[in-house]
1. Report the antiparallel proportion of the DSSP beta bridges in region 194-322 as a percent, rounded to a multiple of 5.
2. Treating only the Cβ of Lys, Arg, Asp and Glu as charged (+1, +1, -1, -1), what charge dipole size does the chain show about its Cα centre? Round to the nearest 20 debye.
3. Given the DSSP H assignment, sum -39500 (n - 2.57) over each helix run of at least 4 residues in the chain and divide by its residue total; what's the result at 222 nm in deg cm²/dmol, nearest 500?
4. At a 10 angstrom cut-off on C-beta neighbours, averaged per residue, how do the peptides 256-265, 199-208, 28-37 rank from highest to lowest?
5. Does anyone have the angle between helix 266-278 and the longest principal axis of the chain? Alpha-carbon axes, 0 to 90°, nearest 10?
6. Please give the peptides 99-112, 216-229, 158-171 ranked by average Cβ packing (other Cβ atoms within 10 Å per residue), highest first, as a rough proxy for protection.
7. Just want to confirm a number: the relative contact order over the chain, from Cα pairs under 8 angstrom separated by 6+ residues, in percent.
8. I'd like the FRET efficiency for Tyr103 and Arg223, computed as 1/(1 + (r/R0)^6) with the beta carbon distance as r and R0 of 51 Å, rounded to 0.05.
Amino acid sequence: MTVITYRSAIATALGDMMEEDPDIFLLGEDIGAAGGAFKATEGLFARFGPERVLDTPISEQAIIGAAIGAAAMGLKPVAEIMFADFAAVCFDQIVNELAKYRYMTAGQVSMPVTIRLGNGAGGFGAQHSQPVENWFLNVPGLKIVVPATPSDLYGLLCASIEDENPVLVFEHRRLLNLKEEVPRQSRIPIGQAAVVREGSDVTIIATQLMRHHAIEAADELAREGVMAEVIDLRTLRPIDIDTLSASLDKTHRLVVAQEASSLGSWGSSVIAELVSECFESLDAPPYLVSADDAPVAYSAPLEDAWIPSSSRVLGAVRATLDY
């Protein structure tokens, strides 16, 4: 295993997959010689050339439209949306064309399209720092993965590229410099959550940046004698309800932590599902820790205040324990 960053895990996974399968190619803005806006594709242009690492015009509609057409002809495109917020520009193509193509052709045409999106708060203001994964929750035909560590990013990105269905891979910008040992050639099944810390007193469910805040909160709780179980969903569509239910049957208390605001979010959906599935197991109302219902601020201190902190997760856990 090699210690690499979250950023490097992207190029490593893409390079390994492209070596294995000549049908895989990349397309996006500045992903070629420039190595991507966040240097996530650095080195791939030199290795695979301009025919497999395509710099596109500044047009998300062109990027996704070309990916759909290429997939229909049997290729396996990996498209980059530099800022996840820009998915709004090509939203119709993703939700009305890409997501429905296989269904509307009765399975005659598959859509092995992977879309990488730079996601979450990262110092770029209200139009470039949104956690937009919730925009796509209500779209049958899409899979959504939200890796929080370099090894999860590598394994999920490889699995996404191999999938015959369209997969949105959200890469959190605040995690780009996170380092970890990554097993090469590994795969993480889409739809499988991870119990990243075992406990018996309360279940904390989180993704991406909030997974790390949840672990910080669990460390503090352990010093107080409270054993929190932390689960990283890793995939938002489909959601691994079985792993969550098994944890809640053990702990009887639930806190969900997410970066986005609450209305129409994956956290709200998870709580609704678990209340339906595990109502008799609950000893207290579930708590949802979420961002304020406001746009992300450009100011660094205001952005930090907007993102739910580990102390807010702690407060929610204490409230459910005291109920």
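1. Approximately 20 percent, going by the DSSP bridge assignments.
2. Dipole magnitude for the chain comes out near 300 debye.
3. Mean residue ellipticity, 222 nm, calculated: -10500 deg cm²/dmol.
4. Going from most to least packed, we get 199-208, 256-265, 28-37.
5. Orientation of helix 266-278: about 50 degrees from the principal axis.
6. Packing proxy ranking, top to bottom: 158-171, 216-229, 99-112.
7. That works out to 16 percent.
8. Taking R0 as 51 Å, the efficiency between Tyr103 and Arg223 is 0.50.
Just so you know, all these numbers are worked out from the coordinates, no wet-lab data involved. Just so it is clear, the structure is predicted and the values come from calculations on it, not from any experiment. Reconstructed Cβ throughout: ideal geometry from the backbone, glycine too, with neighbour counts over all protein chains shown.
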